[in-house]
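> Questions regarding the structure given below will be posed in turn.
The values are calculated or read from the model by the stated rules, or taken from the named source; none is laboratory data. Quick caveat, the model's predicted, so the values are computed rather than measured. As a convention, Cβ positions derive from the backbone with ideal geometry for all residues, glycine included, and neighbour counts pool all protein chains shown.
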Amino acid sequence: MRIRTLAVGLLVGGLTLTTMTACGKEGTPATPGSGDQSGTNAAALPTYPVATGVDLAGSPVFAKMKSAGALTVGAKDDQPGLGQKDPTTGKFGGFDIEIAKLVSAGLGFDPEKITFRTVDSGAREQTIANGDVNYYVGTYSITDKRKALVSFAGPYFVAGQDLLVRKDDTSITGKDALKGKKVCSVTGSTPIQKVRSDNLTEAGNIVEFQKYSQCVEKLLSKDIDAVTTDDAILKGYAAQDPDNLKVVGQTFSTEKYGIGLNKDDKVLRDKVNEILQKSLDDGTWDKIYAATLGKSGSPAKKPTLEKY
Amino acid sequence: MDVLLNNLDLFGPFFLRTIELFVLSAVGSLIWGTILAMLRVSPVPVFRAIGTAYVTIARNTPLTLVFAFFVFAYPLLDIVKVDYFPAAVIALTVYTSAFICEVVRSGINTVPVGQAEAGRALGLTFNQILGQVVLPQALRSVVPPLISTLIALLKNTTIAAGFSVAEAGAIRSYLSERGDNQLVGLLWVALGFIILVTVLSFVQRSLEKRWSVAR
């Protein structure tokens, strides 16, 4: 009996995994002829002219890039529209990824030669400090405490905490309607710590997983009622499955996404800020937004750089 | 020190959760593991086959997969709704009991066959022989490996952090978002585990002393 139950269980487990993968692929419609850009319309993406003769004297990280000849960039791989890895081709696509390419070109390195490394939220500071990545672009909020560990260029995007709910759910209208509802986010992330510290819902209703995709899966199977994190990330998921998901649209925080750099490398930080400012001025930033996050239908809010 | 003091609201409740998780799963797997061991030595071939199959499957499956099954796949079966903490206890129990079973079985094998035969000659039933003659001696002889398995269980509890149980394994992610030094935080977590394991080692030593028998 026990064997049979287990066998059935394992079979179902296997099937779920298969369906989950299948869903992920369905959800990322690729434009014909651009199969390598997950969730991103490759045709509308701008190209980035590679700068020549860039030399940043006094930047140890740049010296390392120079000797390696190509860049290693930290990113996230499960955020549709921002940073997502195509499971079949292994290529990364999204707003963050385009920003990473823009910076690479501005530093004089071929954006096509970037090696993207998936770095989970909890491991970011350490990965940057260890020099495992040259810089990190992945919904990385600028905070004062983090500034003590890493440096930030940017912000290149401004987001805010919001809620993703099932389309037919009208009971959740904002953060004050969360009492008694199960709320999910990534383990230890700022949004879930906010839910905990502000008592937006009961402690027993807080659900934490390693990845947002697991939260969304649980939302669709009605085990939880809302996924909370920055609206940019949520819009990506809503755009993937607009028939079943919606973003509430009442942001209740301000998150400024910065490019994570090695601490105290001011030369590199100034250069990256210069590249970002140029893209904001000449319209490249708008093109990137339109080709990625803009497809969710929400208008762009240009960030103001915070140089320090 | 600052990392610990500034985040006592993390370390306290999270380690408490780890201990809860450990105690419940330890009790569960000791009971279930002993039952499994009894199945594996029973005179009924079907029971033996069930025990062997269980141990083979549960012991050879990565713990993360066992967790993933109970948290992501099992709810889809729509049988009984299990919350995340009980699910973690079940996953840890299912996994660890296979190891406990083998430890207890090896203990049973240390008891000379003559004792079971003598019991049978006296007219004791199988249950009486196992429960009153063999198991008490078997458990005494396997205290060290039993505690080793429990120590492994204690450390395995950290996997639950990935499946919505706020325990010590999740402290690092929290620290990272708060902007504290994670390496220092991890050292404190390690120290916490060393203290917990020391307690277990102490239990082992005192049990060994108390239960030591001259053979």
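> Quick one: would you say residue A:230 is out of contact with any Lys or Arg (no Cβ under 9 Å at 6 or more places or on another chain) and surrounded by fewer than 21 Cβ atoms within 10 Å (Cβ to Cβ)?
No; evaluated as a whole, the condition is false for this residue.
> On the basis of being facing another protein chain (nearest Cβ under 7 Å), farther than 20 Å from residue B:159 by Cα, over 22 Å from the mean Cα position of the chain (by Cα) and surrounded by fewer than 18 Cβ atoms within 10 Å (Cβ to Cβ), does residue A:221 make the cut?
So residue A:221 passes the test.
> Here's another thing I want to ask about it. Go through segment A:63-83 and report how many residues are surrounded by 20 or more Cβ atoms within 10 Å (Cβ to Cβ) and touching a residue at least 60 places away in the same chain (Cβ under 8 Å).
Result for segment A:63-83: 11.
> Scan segment B:47-57 and tell me whether some residue there is within 11 Å of chain A (Cβ to nearest Cβ) and within 30 Å of residue A:222 (Cα to Cα).
no
> If you scan segment A:108-155, which residues turn out to be more than 23 Å from residue A:211 (Cβ to Cβ), in contact with a strand residue (DSSP E or B) (Cβ under 6 Å, 6 or more places away or on another chain) and not hydrophobic (A, V, I, L, M, F, W, C)?
Result: A:134, A:151, A:154, A:155.
> In segment B:155-178, which residue that is within 9 Å of chain A (Cβ to nearest Cβ) and of a type in the set (Lys, Arg) is nearest to residue B:95 (Cα to Cα)?
So the residue we want is B:172.
> Would you check if residue A:245 is in contact with a helix residue (DSSP H, G or I) (Cβ under 8 Å, 6 or more places away or on another chain) and closer than 30 Å to residue A:57 by Cα?
no
> Restricting the search to segment A:254-308, which residues are surrounded by fewer than 17 Cβ atoms within 10 Å (Cβ to Cβ), touching a Lys or Arg at 6+ places or on another chain (Cβ under 7 Å) and at pLDDT 85 or above?
Selection gives A:280 alone.
> Please verify whether segment A:97-112 includes one or more residues that are charged (D, E, K, R), under 21 Å from residue B:185 (Cβ atoms) and part of a helix (DSSP H, G or I).
no
> Sort out which residues of segment A:138-171 are within 14 Å of another protein chain (Cβ to nearest Cβ) and hydroxyl-bearing (Ser, Thr, Tyr), and write them in order of number.
Listed by number, the residues that qualify are A:139, A:140, A:141, A:143, A:151.
> Exactly one condition in (1) more than 19 Å from the chain's Cα centre (by Cα); (2) surrounded by 13 or more Cβ atoms within 10 Å (Cβ to Cβ); (3) assigned to a helix (DSSP H, G or I) is not met by residue B:180; state its number.
(3)
> Residues to consider are A:89, A:115, A:47; find the one that is under 27 Å from residue B:179 (Cα atoms), among the β-branched types (Val, Ile, Thr) and surrounded by fewer than 18 Cβ atoms within 10 Å (Cβ to Cβ).
Answer to the check: A:115.
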